[in-house]
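*Asks:* Below you will find the structure I want to go over with you.
The values are calculated or read from the model by the stated rules, or taken from the named source; none is laboratory data. Note that the structure is a prediction, hence the values are computed from the model and not measured. Cβ placement follows ideal geometry from the backbone for every residue including glycine, while neighbour counts extend to all protein chains displayed. All accessible areas refer to the heavy atoms of the entire protein, side chains included, with ligands and DNA or RNA removed. Shrake-Rupley method; radii C 1.70, N 1.55, O 1.52, S 1.80 Å.
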Amino acid sequence: MKRIGHFIGGQRTGEFGRTAPVYDPATGVQTGEVGLADVAEVDQAVAAAAAAFGEWRHSSLTTRSRVLFAFRQLVDEHRQELAALATAEHGKVLSDAAGEVARGLECVEFACGIPQLLKGGHSAQAATGVEVHELKQPLGVVAGVTPFNFPVMVPLWMIPNAIASGNTFVLKPSEKDPSAALLIAALLKDAGLPDGVFNVVQGDAVAVDRLLDHPDVEAVSFVGSTTVARHIYERGAAAGKRVQALGGAKNHMVVLPDADVEMAADAAVSAAYGSAGERCMAVSVVVAVGAVADPVVDAVNKRIAKLRIGAGADPESEMGPLVTRAHRDKVASYLDIAAAEGAKVVVDGREQPFDGDGFFLGASLVDYVQPDMQVYQDEIFGPVLCVVRADTAQQAIDIVNANRYGNGAAIFTRDGGAARRFQHDVSVGMVGVNVPIPVPVAYFSFGGWKDSLFGDSHMYGPEGVHFYTRTKVVTSRWPDPSTSQVDLGFPTHR
Ligand code: NAD
């Protein structure tokens with residue numbers, strides 16, 4: 001069985017005490033065991049990162065951008081290997097896994113431009129003979145704690161900007177799919193990153209809490225569920241750290257009566273059931289306005305019947321299994337909850353038979369959901385799409401805005417004015433207009449509002465660089481050269 005350990009100071013470590021099982025979700029078979037770091041192992045990783053900081057922070061921008069360019073090349077060459085690791089431990093289909101590598105790669109490409117990104121402002125002659133300029137300096141050792149659902153992309157939201165800005169990094173990946181982080185570590189080493197600049201500690205809450213409390217960790221970036229995000233934010237801030245903690249989501253897709261129904265149904269199906277609904281930007285609620293509701297429900301229903309669900313490694317599969325048996329069962333339980341609450345279960349994914357012991361659940365569709373129902377309020381994080389019916393576009397916006405989450409929201413319409421009104425009035429961090437999953441490109445930044453983000457910096461892009469640097473403003477006065485003790489030949493005072 002595969003033993004998955006840490007990566008500290010440029011070396012993989014194979015000794016560990018507590019462990020957790022790692023599964024192939026397509027078969028339900030345990031394929032590995034991952035070490036769960038205790039406090040001493042976390043301290044070792046932080047010490048390695050702290051030791052590497054002194055030299056790395058003073059490395060030239062050229063050195064850092066060359067490492068990033070080399071890393072970019074290596075990630076590109078290892079796309080398939082990275083995607084295969086994500087599929088093997090997460091279960092998502094290979095095309096999805098390749099997509100997450102591609103989106104992560106964009107964040108590496110952004111960080112290759114670090115010399116440009118770290119330019120500060122300069123004011124000449126702020127007063128007579130006085131210049132003011134900014135230095136953007138790294139923080140020190142920064143930590144990243146990442147979720148199971150994007151084992152390649154989410155670490156790559158953090159690592160490139162953090163190290164390009166001159167910080168050193170300790171990553172604590174999800175214990176459910178820990179292998180991709182080790183390949184990322186190996187590729188960074190091959191790219192020429194000095195030992196200790198990037199470290200991986202595998203683990204659970206014990207490791208995370210030690211990172212939050214450790215006096216030498218200056219900042220923590222977190223992506224995961226809202227309950228844990230709030231904990232990370234509160235505990236990290238109480239320890240005086242800079243924290244960005246991205247939480248859960250309940251993303252709405254509003255379909256107006258003038259929308260192209262076929263296009264909206266295609267979008268709803270790929271955004272709700274892609275990656276088995278285990279995406280923080282998955283559409284989990286369609287808000288159908290007026291008479292469009294019945295045609296949209298029918299069109300989604302027809303598409304569900306054709307959806308090919310199977311092992312992620314099978315190129316024919318369009319949707320894979322869920323990450324664990326416990327998570328699959330919890331997601332499935334919402335279908336009973338929905339029925340008991342009076343919603344209409346149009347398609348019950350439990351009725352679809354699957355061979356073997358994989359953690360599969362068929363795509364499910366629930367209509368006539370009301371905002372006060374639990375099936376609406378909870379983040380289900382699986383292939384269960386709810387439909388809420390609204391009378392007007394304004395009512396649809398009010399429904400989205402009353403939700404506790406504010407990650408993404410999309411509108412499907414042909415009306416430019418309605419789309420404009422929606423993007424201005426909706427209380428979320430990322431908006432799609434006829435785009436169901438509006439994940440910003442790498443030169444913008446990713447983040448939600450309300451319970452989807454604790455902290456004030458979004459992740460990657462310009463806000464990522466901002467998060468990983470602190471600004472120093474230098475004010476300097478220069479004597480006029482005509483006052484020099486040596487005659488330099490300048491005329492007296494201009
Ligand atoms: P999770 O919150 O259970 O775990 C995330 C990380 O926190 C893991 O590394 C885990 O080991 C650690 N952790 C878990 N419990 C902890 C605790 N009590 N104390 C300290 N650390 C703890 O999330 P998950 O199940 O891995 O991922 C799915 C969740 O992540 C969903 O809620 C999803 O919406 C969210 N997510 C959000 C975004 C976003 O950008 N907002 C992106 C991806 C995933």
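*Asks:* Give the residue that is farthest from the ligand (Cβ to nearest atom), with candidates limited to residues of segment 174-191 that are closer than 17 Å to Ala70 by Cα and open to solvent by less than 20 Å² (accessible area, probe 1.4 Å). I'd like the intermediate steps shown before the answer.
*Replies:* Initially, segment 174-191 is screened for residues closer than 17 Å to Ala70 by Cα, giving 183-191.
If we keep only those that are open to solvent by less than 20 Å² (accessible area, probe 1.4 Å) too, we end up with 184-185, 187-188, 191.
Values: Ile184: 15, Ala185: 16, Leu187: 21, Leu188: 19, Ala191: 25 Å.
Applying the filter and picking the extreme gives Ala191.
*Asks:* With a cut-off of at least 3 residues that are of a type in the set (D, E, K, R) and within 16 Å of the ligand (Cβ to nearest atom), name the helices (runs of 4 or more DSSP H) lying wholly within segment 201-295.
*Replies:* Values: elements: 205-213, 226-238, 261-273.
By residue number, 205-213, 226-238.
*Asks:* Can I ask one more? When segment 323-348 is examined, which residues are found to be assigned to a loop (DSSP other than H, G, I, E, B), over 23 Å from the mean Cα position of the chain (by Cα) and either under 25 Å from Gly91 (Cα atoms) or within 16 Å of the ligand (Cβ to nearest atom) (or both)? It would help to see each step written out before you state the result.
*Replies:* Of all residues in segment 323-348, those assigned to a loop (DSSP other than H, G, I, E, B) come to 323-324, 342-343, 348.
Still in the list and also over 23 Å from the mean Cα position of the chain (by Cα): 342-343, 348.
Of everything in segment 323-348, just one residue is assigned to a loop (DSSP other than H, G, I, E, B), over 23 Å from the mean Cα position of the chain (by Cα) and either under 25 Å from Gly91 (Cα atoms) or within 16 Å of the ligand (Cβ to nearest atom) (or both), namely Asp348.
*Asks:* If I ask for residues that are of a type in the set (A, V, I, L, M, F, W, C) and within 16 Å of the ligand (Cβ to nearest atom), which ones from segment 296-322 would you list?
*Replies:* The initial filter retains those residues of segment 296-322 that are of a type in the set (A, V, I, L, M, F, W, C), namely 296-297, 299-300, 304-305, 307, 309, 311, 313, 319, 322.
Once the filter is applied, which keeps residues that are of a type in the set (A, V, I, L, M, F, W, C) and within 16 Å of the ligand (Cβ to nearest atom), segment 296-322 yields only Leu322.
*Asks:* Which residues, taken from segment 371-411, are assigned to a loop (DSSP other than H, G, I, E, B), in contact (Cβ under 8 Å) with a residue 24 or more places away in the chain and within 20 Å of Gly248 (Cα to Cα)? Let's see the steps before the verdict.
*Replies:* Taking segment 371-411 first, the residues assigned to a loop (DSSP other than H, G, I, E, B) are 371-373, 378-383, 391-392, 403-404, 407.
Then keep just the ones that are in contact (Cβ under 8 Å) with a residue 24 or more places away in the chain; that gives 371, 373, 378-383, 391-392, 403-404, 407.
Residues satisfying the conditions are Pro371, Met373, Asp378, Glu379, Ile380, Phe381, Gly382, Pro383, Asn403, Arg404, Asn407.
*Asks:* For segment 377-389, which positions are of a type outside the set (Val, Ile, Thr) and within 23 Å of the chain's Cα centre (by Cα)? Break it down into steps so the answer makes sense when it comes.
*Replies:* Residues of segment 377-389 of a type outside the set (Val, Ile, Thr): 377-379, 381-383, 385-386, 389.
Correct list: Gln377, Asp378, Glu379, Phe381, Gly382, Pro383, Leu385.
*Asks:* Next question, about the same structure. Which of (1) more than 28 Å from Ala84 (Cα to Cα); (2) out of contact with any helix residue (DSSP H, G or I) (no Cβ under 8 Å at 6 or more places or on another chain); (3) open to solvent by less than 10 Å² (accessible area, probe 1.4 Å) does Ala249 not meet, given it meets every other one?
*Replies:* (1)
*Asks:* State all residues of segment 470-485 that are more than 30 Å from Ser457 (Cβ to Cβ) and either open to solvent by 90 Å² or more (accessible area, probe 1.4 Å) or touching a helix residue (DSSP H, G or I) at 6+ places or on another chain (Cβ under 7 Å) (or both); if no residue qualifies, say none. Before the answer, list the steps.
*Replies:* Just the residues of segment 470-485 that are more than 30 Å from Ser457 (Cβ to Cβ), to begin with: 477-485.
Matches in segment 470-485: Arg477, Trp478, Pro479, Gln485.
*Asks:* Anything in segment 120-165 that is more than 16 Å from the ligand (Cβ to nearest atom) and part of a helix (DSSP H, G or I)? List them, or say none. Don't jump to the end; show me each part of the working.
*Replies:* Taking segment 120-165 and keeping what is more than 16 Å from the ligand (Cβ to nearest atom), we get 120-141, 160, 162-165.
Selection gives Pro160, Ala162, Ile163, Ala164.
*Asks:* Hey, another quick one. Which numbered condition trips up Gly203, out of (1) without any contact (Cβ under 8 Å) to a residue 60 or more places away in the chain; (2) at positive phi?
*Replies:* Tallying (1) without any contact (Cβ under 8 Å) to a residue 60 or more places away in the chain; (2) at positive phi, Gly203 fails exactly one: (1).
*Asks:* Output the number of the condition that Val254 fails; it satisfies all remaining conditions of (1) open to solvent by 10 Å² or more (accessible area, probe 1.4 Å); (2) closer than 24 Å to Ile380 by Cα.
*Replies:* The one condition Val254 does not meet is (1).
*Asks:* Look through Glu89, Glu109, Glu81 and report the one residue that is over 22 Å from Phe444 (Cβ atoms) and open to solvent by 50 Å² or more (accessible area, probe 1.4 Å).
*Replies:* Numbers: Glu89 fails: open to solvent by 50 Å² or more (accessible area, probe 1.4 Å); Glu109 fails: over 22 Å from Phe444 (Cβ atoms).
Exactly one of Glu89, Glu109, Glu81 is over 22 Å from Phe444 (Cβ atoms) and open to solvent by 50 Å² or more (accessible area, probe 1.4 Å), namely Glu81.
*Asks:* Name the single residue that is farthest from the ligand (Cβ to nearest atom) among those in segment 437-463 being farther than 23 Å from Leu105 by Cα and part of a loop (DSSP other than H, G, I, E, B).
*Replies:* First, pick out the residues of segment 437-463 that are farther than 23 Å from Leu105 by Cα: 449-456.
From what's left, part of a loop (DSSP other than H, G, I, E, B): 451-452, 455-456.
On the way: Asp451: 10, Ser452: 5, Gly455: 11, Asp456: 15 Å.
Filtering first and then ranking leaves Asp456.
*Asks:* Can you tell which of Arg414, Arg420 is assigned by TED's automatic domain parsing to the domain that holds Val286, under 21 Å from Gly290 (Cβ atoms), open to solvent by 10 Å² or more (accessible area, probe 1.4 Å) and part of a loop (DSSP other than H, G, I, E, B)? Working first, answer last.
*Replies:* Details: Arg420 fails: part of a loop (DSSP other than H, G, I, E, B).
One residue alone meets the criteria, Arg414.
*Asks:* A further question follows. Taking the conditions exactly as written (touching a Ser or Thr at 6+ places or on another chain (Cβ under 7 Å), in contact (Cβ under 8 Å) with a residue 60 or more places away in the chain and not small (Gly, Ala, Ser)), does Val223 satisfy them or not?
*Replies:* yes
*Asks:* For segment 325-340, which positions are open to solvent by 40 Å² or more (accessible area, probe 1.4 Å), closer than 16 Å to Val366 by Cβ and out of contact with any helix residue (DSSP H, G or I) (no Cβ under 6 Å at 6 or more places or on another chain)?
*Replies:* Within segment 325-340, Lys330, Ser333, Asp336, Ala339, Ala340 qualify.
*Asks:* Out of the residues in segment 257-283 that are over 18 Å from Ser427 (Cα atoms), of a type in the set (A, V, I, L, M) and touching a helix residue (DSSP H, G or I) at 6+ places or on another chain (Cβ under 7 Å), which is surrounded by the fewest Cβ atoms within 10 Å (Cβ to Cβ)? Full working, then the answer.
*Replies:* Taking segment 257-283 and keeping what is over 18 Å from Ser427 (Cα atoms), we get 257-279.
After this cut, where a residue has to be of a type in the set (A, V, I, L, M) as well, the list is 259, 261, 263-265, 267-269, 271-272, 276.
Filter again for touching a helix residue (DSSP H, G or I) at 6+ places or on another chain (Cβ under 7 Å), leaving 259, 261, 264-265, 268-269.
Working: Ala259: 24, Val261: 18, Ala264: 27, Ala265: 23, Ala268: 27, Val269: 25.
Checking each candidate, the answer is Val261.
*Asks:* Additional query: Which residue is nearest to the chain's Cα centre (by Cα), if the candidates are limited to segment 236-246 and must be open to solvent by 10 Å² or more (accessible area, probe 1.4 Å) and of a type in the set (Gly, Ala, Ser)?
*Replies:* Here is the first cut: in segment 236-246, the residues open to solvent by 10 Å² or more (accessible area, probe 1.4 Å) are 237-243.
If we keep only those that are of a type in the set (Gly, Ala, Ser) as well, we get 237-240.
Values: Ala237: 20, Ala238: 24, Ala239: 24, Gly240: 24 Å.
In this case the residue turns out to be Ala237.
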